[in-house]
Amino acid sequence: MSEFEAIIGLETHIQLNTESKIFCGCKADSWGDPPNTNICPVCCGLPGVLPTLNSAAVEKAVLLAAAMQSDSIQSLSYFARKNYFYPDLPKGYQISQYDEPLARGGEMLLPLDDGQSLRVRIAKLHLEEDAGKTIREKDRRLIDFNRCGVPLVEMVTEPDLRSADQAAQYLIRLRQLLRWLGISEGDMEKGQLRCDANVSIRQIGATGLNAKTEIKNVNSIAAVRQAIQAEIERQIREVSQGGTVEAWTLNWDEDTGTLHKMRSKETEADYRYFREPDLLPIELTDDWKTQILTGLPELPLDRRMRFTEQYGLPEYDAEILTEERSLSEYFEAAVAAGQVDAKAISNWLMNDVLRLIREQHGVAANLALKPEHLAQIVGMVERGDITTNTGKELLDRVNESGQSPQEIVGAEGLAQVSDEAALGRIAAEIVDSNPDQVATYRGGKTTVIGWFVGQVMRETQGKANPQAVKKVLEDLLSE
Ligand code: ZN
Ligand code: MN
């Protein structure tokens with residue numbers, strides 16, 4: 001097995017989260033809606049209608065191209081008709097882009113386990129419309145046109161990936177980026193991110209490319225990894241037994257975990273591409289581009305690096321805190337809110353706040369527990385005003401009620417008892433009523449102090465500061 005390497009390129013289709021479709025006013029997000037409820041003469045391709053370009057789709061695609069470090073976002077790009085017949089494609093063609101796409105070039109950096117990163121080059125990125133959906137039943141086919149005209153970005157990588165794991169990593173990073181930019185939810189199960197994989201193998205050390213197969217219809221990142229791995233192994237088996245790999249299109253069957261050969265693939269010439277006569281070219285003026293790019297946030301990898309430098313966070317923390325944009329912003333807001341150590345904030349975020357977020361299936365920005373609340377709670381724990389356990393309890397309470405931590409602490413007397421006078425009274429009572437243990441301590445078995453501390457903690461319902469208790473007891477017992 002080790003004498004071969006895999007050559008993998010990915011073609012992804014990304015559904016942009018615009019309000020309306022790319023060429024008409026119909027609602028774009030039909031998830032869960034009854035079939036054929038978000039349609040009009042334009043997206044159904046009735047004769048005599050004209051498409052109008054939705055500028056929001058262009059803006060989101062430009063953001064993505066910029067985030068992929070594309071070196072050439074075109075100031076002029078053209079739509080083209082891709083002609084083919086399919087029941088869920090009512091016009092008989094798909095409006096796409098062909099010879100003059102919105103952007104060429106770019107790259108995605110994938111951090112690898114050994115600390116290096118893999119550069120995956122982007123060949124091109126273009127806008128197009130989605131087709132409808134064919135619902136297959138036993139003896140009939142039903143067509144739902146809701147998805148017709150939903151804006152898609154098609155993005156094609158160069159064949160730079162070398163394993164099924166790397167392909168999965170690429171999709172994970174891409175999905176993170178889409179959510180970070182706020183241009184797509186990137187949910188593969190909902191078809192918002194779709195992936196076809198081109199796979200070939202070659203002898204290690206060889207330079208040419210061999211015939212590749214294309215895997216279609218994979219609906220989750222785990223399935224992409226599985227399908228590519230299965231195909232790499234199949235090709236190696238084929239070649240090792242003296243056979244050859246043919247340029248098939250393969251369909252992944254999720255239920256059986258196997259690949260099936262589909263129709264032979266159309267070649268580009270079969271599509272009879274030509275410029276779309278009903279649409280003007282996309283003219284991306286410098287002003288418009290500048291305006292779009294003001295909406296480009298700091299990107300995940302940059303922010304991750306800045307977190308390690310600016311706040312002295314370990315790589316591990318920075319990676320987790322920048323997995324999701326809202327969480328990274330929450331972290332910075334909490335650090336800015338109080339004079340609390342950034343690492344302490346990070347610890348509380350990674351453990352307790354992430355737990356709350358997961359329980360709510362939400363994002364950091366939607367928590368009732370605000371960044372300043374977190375900073376206050378961590379501050380109280382750090383100063384010894386409350387115990388760590390009380391702090392954790394407070395997090396939940398604040399998140400449930402939306403009250404400020406001080407309000408809850410004040411109203412319920414949760415503050416840690418570290419007042420020496422108060423502790424002294426409680427400790428003295430316990431010492432006086434337990435002469436046997438006192439004698440044991442004074443006889444040299446000083447570990448019995450743990451028992452005394454436990455008694456005081458019980459008396460104060462856990463609100464005493466254990467260090468302060470120990471100190472008071474030591475003073476009393478050595479008298
Ligand atoms: Zn429509
Ligand atoms: Mn496409």
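The values are calculated or read from the model by the stated rules, or taken from the named source; none is laboratory data. Because the structure is a prediction, the values reported are computed rather than measured. All Cβ positions, even for glycine, are placed from backbone atoms using ideal geometry, and neighbour counts span all protein chains on display. Accessible surface areas use protein heavy atoms only, side chains included; no ligands, DNA or RNA. Shrake-Rupley method; radii C 1.70, N 1.55, O 1.52, S 1.80 Å.
Quick notes on this one:
- Top-ranked residue in region 161-178 [being out of contact with any strand residue (DSSP E or B) (no Cβ under 8 Å at 6 or more places or on another chain) and closer than 18 Å to ASN219 by Cβ; ranked as surrounded by the most Cβ atoms within 10 Å (Cβ to Cβ)]: ALA168
- Residue within region 387-397 that is closer than 29 Å to THR308 by Cβ and open to solvent by 20 Å² or more (accessible area, probe 1.4 Å) present: yes
- Breaking point among (1) modelled with pLDDT under 95; (2) within 30 Å of VAL58 (Cα to Cα); (3) among the acidic types (Asp, Glu), for ASP253: (2)
Table: residues versus (1) under 20 Å from LEU181 (Cβ atoms); (2) open to solvent by 20 Å² or more (accessible area, probe 1.4 Å); (3) within 16 Å of ligand 1 (Cβ to nearest atom); (4) out of contact with any strand residue (DSSP E or B) (no Cβ under 6 Å at 6 or more places or on another chain).
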| position | (1), (2), (3), (4) |
| --- | --- |
| GLU5 | no, yes, no, yes |
| HIS13 | yes, yes, no, no |
| THR18 | yes, no, yes, no |
| GLY25 | no, yes, yes, yes |
| ASP29 | yes, yes, yes, yes |
| VAL42 | no, yes, yes, yes |
| GLY48 | no, yes, yes, yes |
| GLU59 | yes, yes, no, yes |
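- Residue list for region 280-306, restricted to those being open to solvent by less than 50 Å² (accessible area, probe 1.4 Å) and under 18 Å from the mean Cα position of the chain (by Cα): PRO297, LEU299, PRO300, ARG303, ARG304
- For THR267, the conditions (1) at pLDDT below 90; (2) surrounded by 11 or more Cβ atoms within 10 Å (Cβ to Cβ) are fulfilled apart from (2).
- Within region 62-76, not a single residue is closer than 15 Å to PRO277 by Cα and surrounded by 16 or more Cβ atoms within 10 Å (Cβ to Cβ).
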